[in-house]
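The values are calculated or read from the model by the stated rules, or taken from the named source; none is laboratory data. Bear in mind the structure is a predicted one, so any value in this text is a computation, not a measurement. Here the Cβ is made from the backbone with ideal geometry for all residues, glycine too, and neighbour counts use every protein chain on show. SASA here: full protein model, heavy atoms, side chains in, ligands and nucleic acids out. Shrake-Rupley method; radii C 1.70, N 1.55, O 1.52, S 1.80 Å.
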Amino acid sequence: MTERSGSPSNSHAAVSLRGISKIFDDVTAVDNVDLDIADGEFFALLGPSGCGKTTTLRMIAGLEIPSAGSLQIFGEEVGPLPPNKRPVNTVFQNYALFPHMSVEDNVAFGLRMRKVDKAETARRVAEAISLVRMGGMEARRPAQLSGGQQQRVALARALVNRPKVLLLDEPLAALDLKLRQEMQFELKQLQREVGITFVFVTHDQEEALALSDRIGVMDGGRLLQVGTPEEMYDAPVDRFVADFIGRSNFLHGTLENSTTVCLSNGDRINVPVVDSDVIAVGDAVQVSLRPERVMVCDPHEVPEGHARLQGRVATVTFLGNSIVYHVQLDWMTVVVETDHRPDLRRRAVDDDVALWWRDDAIAVVRP
Amino acid sequence: MSVGEAELQRDRAERRRGLFLALPSFVYMILFFALPLVIVLVYSFATRTSSGSTSLSNWNLDAYRKLGEPIVRNVVVRSIVLAVITTAICLVVAYPFAWFCAHQRPNVRNLLLVAVMIPFWTNFLVRNYAWRILLSTGGPLSSLTERIGIGETNLLFTKTAVVIGLVYAFLPFMILPLYASIDRIDGRLIEAGRDLYGSGSQTFRRIVLPLTMPGVIAGSILVFVPSMGAYVTPELLGGGKETLLGSYIVTQFLTARNWPVGASMSFVLMAVMLVSTIIYFRAGGKNL
């Protein structure tokens, strides 16, 4: 597996996956995943539906048993343990609150199952309920709560057990946009307050970028790349990652040496140093060019020492704070996004333009 | 005419149409259900003359008083015990099966549910006679136990045979509501229970069982009620050795020619069933 950055070498990673696979009948849902999640980290597993992120989370929770590999939580092998024998708790998608119990009984459930004494249970339940600001709602049934309130109860029900790792399966997906943004903020705040490792699964790249310390992007059961949100955006190593997190243009080419790519139109461009462990010299590659990092100018005004592409404006779309141009080159179309400012010249359809970029604004990715 | 008025008028017309469509079933139910019931009620207050006919005068509560007599009380108690045993066995047998059904692929589960209903395709009486053959001395069951070495069994005309017959007859009524309520449980609730440190049995007791309670109660009523009043099975498989409520009522009408007592017992039986059904809906209403 190619993990480009950020794997803590710490032997007591909160969660550590080594060669983890899960095969259902004849479908490989998770394919040989290696991953270390550090203690206290807010980690996102990001990917489209069916990419294996939820199955990975469920294996950490103990709701699925891995077909192969080793799974450790704080150095203890937990692969075959049932969920009730693991120091983790889950906030389920749609929360899975027990409909026949009050908020208080829901929150107390885990402690009662573990036979924590009554006074201690009452104290911790009250504490958890106030932590998620649900005081006064103790006697309500889940059906009497709004989506956001149910979400909070689900958090309290998990956190009251003081798990070593909290797992969250699409925690915000069931909420409407405004509430989702509010809860994002609260979730982040909460994680800082309790200091517990959070691992959450999402298909929403914005959510992953906004919330997490590090992100792992999955596709087709494989973990493609792990890194901080900035690393994932600035230096994707895989076309899927570059495309899934933000938008990008992809120029086809071949890696000539660790800092040069020969584009398919024959131009040679400088690129940030490519790690030979990830992409070998001579491989077919693509160069990811973010729309907002491409500069537009008149054909002969490209500053000295920069790669350039010549083209003609095909469409102009005004978006308020920005303008999006589709620029037709003779071998492809490039999408460019520029600020909408009085000091920037606005281009019109059929204008001849040149495109250029700083060498460090692009990334070389596996096709 | 204002818009509001038009709306009101259309609502009224729609209600009238609904009533009109429902009329045939109303008439049918009144004619063949409500009216006979009233007749039964009326007869239960009548007097049996010495010749065995029923005099529709002289209204009294004698028939109800008779229910307090030890013989009748024994019949009632025996019937209740038998119905409770039958219900309990059905519950224990049906729950795992319903659970299994609910967790199969859709086509497999449909096949299983059809299988549950197959017995209904054969006449009830015929099936009871089949059990007579199965359970009789020298019958298939007996030869099987003999071959295994347990010795000959003779279950026919025992209480056990009656229970076997009743469980067989009413098991589908337990399976179907249980299946429906188990199928409705969100699997994530069970996972949540396990995730929150519940063992398998704790999760079952604290989450699955309470959530399937409506099915348990519905199934129990559907089995208990007909078991209480069962007539054919106790007669054919129990040999009428011990009188149960169903046989007792029949005897009152046909043999003893004491219609008021038969009527009062029928009515009390119905009242008991009605009350348990109401209890069910109350309990179900709270949970759903």
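Listing for the model above:
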read-out	value
Residue list for segment A:42-72, restricted to those being within 14 Å of chain B (Cβ to nearest Cβ) and either over 16 Å from A:V165 (Cα atoms) or not basic (K, R) (or both)	A:T54, A:T55, A:L57, A:M59, A:I60, A:A61, A:G62, A:L63, A:E64, A:I65
Failed condition for A:F92, given (1) within 13 Å of another protein chain (Cβ to nearest Cβ); (2) farther than 26 Å from B:P210 by Cβ; (3) among the aromatic types (F, W, Y)	(2)
Members of segment A:196-211 found to be in contact (Cβ under 8 Å) with a residue 24 or more places away in the chain, more than 22 Å from A:V78 (Cα to Cα) and surrounded by fewer than 24 Cβ atoms within 10 Å (Cβ to Cβ), listed by number	A:T202, A:H203, A:D204, A:Q205, A:E207, A:L209, A:A210
Residue in segment A:100-109 that is touching a Pro at 6+ places or on another chain (Cβ under 7 Å), modelled with pLDDT under 95 and within 14 Å of another protein chain (Cβ to nearest Cβ) present	yes
Meets criteria (facing chain B (nearest Cβ under 10 Å), buried (at least 21 other Cβ atoms within 10 Å of the Cβ) and either of a type in the set (A, V, I, L, M, F, W, C) or assigned to a strand (DSSP E or B) (or both)) for A:V125	no
Residue within segment A:144-166 that is within 12 Å of chain B (Cβ to nearest Cβ), open to solvent by 10 Å² or more (accessible area, probe 1.4 Å) and touching a residue at least 60 places away in the same chain (Cβ under 8 Å) present	yes
Helices (runs of 4 or more DSSP H) contained in segment B:1-72 and holding at least 1 residues more than 19 Å from B:A271 (Cβ to Cβ) and over 30 Å from the mean Cα position of the chain (by Cα)	B:3-29
Boolean, A:I20 is buried (at least 18 other Cβ atoms within 10 Å of the Cβ), under 26 Å from the mean Cα position of the chain (by Cα) and either in contact (Cβ under 8 Å) with a residue 60 or more places away in the chain or within 14 Å of another protein chain (Cβ to nearest Cβ) (or both)	no
Listing of strands (runs of 3 or more DSSP E) fully contained in segment A:253-367 that carry 1 or more residues being polar (S, T, N, Q) and surrounded by fewer than 18 Cβ atoms within 10 Å (Cβ to Cβ)	A:260-263, A:268-270, A:308-318, A:322-328, A:333-339
Selection count where residues are touching a residue at least 40 places away in the same chain (Cβ under 8 Å), within 30 Å of B:A161 (Cα to Cα) and open to solvent by 10 Å² or more (accessible area, probe 1.4 Å), scope segment B:176-213	4
Residues of segment B:175-202 that turn out to be facing chain A (nearest Cβ under 7 Å) and assigned to a helix (DSSP H, G or I), as a count	7
Qualifying residue in segment A:92-107 (condition: open to solvent by 40 Å² or more (accessible area, probe 1.4 Å), without any contact (Cβ under 8 Å) to a residue 60 or more places away in the chain and in a loop (DSSP other than H, G, I, E, B))	yes
Answer residue from segment A:78-87, given it is more than 8 Å from chain B (Cβ to nearest Cβ) and surrounded by 19 or more Cβ atoms within 10 Å (Cβ to Cβ) and is nearest to A:D169 (Cα to Cα) among those	A:R86
